[in-house]
Each structure stands twice: as structure tokens, then as C-alpha cells.
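To keep things clear, I will list the structure first and then write my remarks on it.
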Amino acid sequence: MPDPVTGIIGAAGIGSSLLSSGSQNRAIDRASAAQTAGSDAAIAEIRDARLAQEEILAPYVSAGTGDEGVTGSLQATQALLGLLGEEGQANAISAIESGAEFQALSRQGEDAILQNASATGGLRGGNVQGALAQFRPALLSHTIDQRFRRLGGLNKISQASAAGVGAAGINASGGMAELLRQQGEAIGSGAIARGQSQSDLFSGIGKGIGLIAGGF
């Protein structure tokens with residue numbers, strides 16, 4: 001004789017499986033969405049931090065490499081060394097010689113030589129003329145050497161800043177890659193869990209149908 005109770009239990013089992021599967025799938029979706037949103041937020045934060053660091057270091061990098069038609073310290077150093085051609089070297093030296101710093105120093109030095117000669121009564125002596133003739137070339141050589149040292153300092157700052165930008169980019173890329181990997185794992189785990197949920201659902205429905213068939 002058919003057992004109605006068994007059939008009712010089977011029907012209840014099917015309903016329970018459907019409800020359980022729906023609840024489990026919603027929980028899986030929420031968990032996956034939360035982890036994906038967290039990874040997206042972290043990626044955006046890393047990107048913003050990297051861009052902010054690049055913006056801060058940009059003036060120091062530009063000081064060495066030049067920017068928008070402005071010559072940087074690296075090109076200026078190459079010009080003084082003659083690496084940009086004879087004309088470039090001549091223009092670089094001429095710029096130093098006609099610059100405000102060299103002009104001020106040369107005036108002060110020549111005035112000092114003349115004042116000292118006047119005080120000692122040797123204003124028209126050959127030694128004074130010789131000192132004046134040697135002063136400017138010596139001062140120019142000294143000023144060029146000083147410019148090299150200053151440019152070298154700027155080059156070091158620019159190089160360190162460029163290296164900092166590069167390192168920041170590498171670190172940011174590594175962090176983003178890890179977050180994207182975690183995001184992919186979350187999506188993959190969610191898909192696997194959904195598949196298991198569907199399998200459990202169909203298994204529950206199959207058992208319920210079997211009980212219904214046996215009860216009625």
C-alpha cells in the first residue's frame with residue numbers, strides 16, 4: 001500500500017533543497033562580490049598612491065632629463081663635455097661666460113687686482129696686466145668645473161627620483177597582480193561553490209522524487 005507520509009516527506013525534501021540552494025547561492029554571490037569589491041578598492045588605492053608619487057618626483061626627474069623643450073642637467077653636462085658636438089660645447093661655455101654669476105665674479109676680481117695695484121703704485125706694471133690677462137681664463141675654468149659639480153648633483157637627484165618612480169611602478173604592478181589573482185580565486189571559488197550547490201540541489205530533488213514515487 002502506498003505510504004502518503006513518505007510522499008509528503010519527499011515533497012518537503014524537494015522544497016527544502018530548493019530553499020537551501022537559493023540561500024547558499026545568494027551567500028556565495030555576496031561573498032564573491034564583497035571580495036571583488038575589496039580588491040578593486042585596493043587596486044585603485046595602489047594606483048592613486050603610485051600616481052601621487054610620480055607627480056611628486058616629476059620635477060626632480062625633469063630637472064635631469066629636461067621637459068617640454070627645457071634642457072635638463074643631463075643634456076647640459078653632455079654639452080659641456082662636447083658630447084653634443086663642438087657647437088653645443090661652445091654654446092654651453094659661452095652661456096657660462098656671459099652669465100650673471102661669471103660676470104659678477106670677474107668684475108669683483110678685476111677690481112680687486114686694480115685696487116691692489118693702485119695701492120702699491122704698480123697700476124701700470126707688467127705684472128698687473130699679466131694678472132688681468134690670466135684672471136678671466138682661470139675664473140672661467142673654475143666656473144666650468146663648479147658647473148660640472150652642480151650638474152652632477154642634479155643628475156644624481158634626477159637619477160634617484162627616476163629610480164624611485166620605476167620602483168614604485170614595479171611594486172604597484174606586483175600588488176595589483178596579487179590582488180587580481182585573489183580576485184580571480186574568489187570568482188573561481190564562487191563558481192565551484194555554485195556548481196556544488198547545484199549538484200546538491202539536483203541530488204536532493206532526485207531523492208525527493210524517489211520518495212514521492214515510493215510513497216504514492
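Please treat every number below as a calculation from the coordinates, not as lab data. What you are looking at is a predicted structure, and each value in this text was computed from that prediction instead of being measured. All Cβ positions, glycine included, derive from the backbone under ideal geometry; neighbour counts span all protein chains shown.
Note down the net charge around Arg136, summing +1 for each Lys or Arg and -1 for each Asp or Glu among other residues with Cβ under 10 Å from its Cβ. Net of charged neighbours comes to -2.
Dividing the C-alpha radius of gyration of segment 81-171 by 2.2 N^0.38 Å, with N its residue count, gives 1.65. Applying the Karplus relation 6.51 cos²θ - 1.76 cosθ + 1.60 with θ = phi - 60° to segment 43-56 yields 3J(HN,Hα) values of 4, 4, 5, 5, 5, 5, 5, 5, 5, 5, 5, 4, 5, 5 Hz, where x marks Gly and Pro. Summarising the label geometry, the points placed 7 Å from Cα in the beta-carbon direction at Ala162 and Glu87 lie 2.6 nm from one another.
Quote to one decimal, in nm, the extra length available between Ile170 and Glu97 on full extension: 0.36 nm per residue of separation minus the C-alpha distance between them. Don't skip to the answer; put the middle values down first.
On the way: separation 73, 0.36 × 73 = 26.28 nm, distance 4.38 nm.
This chain segment gains 21.9 nm when fully extended.
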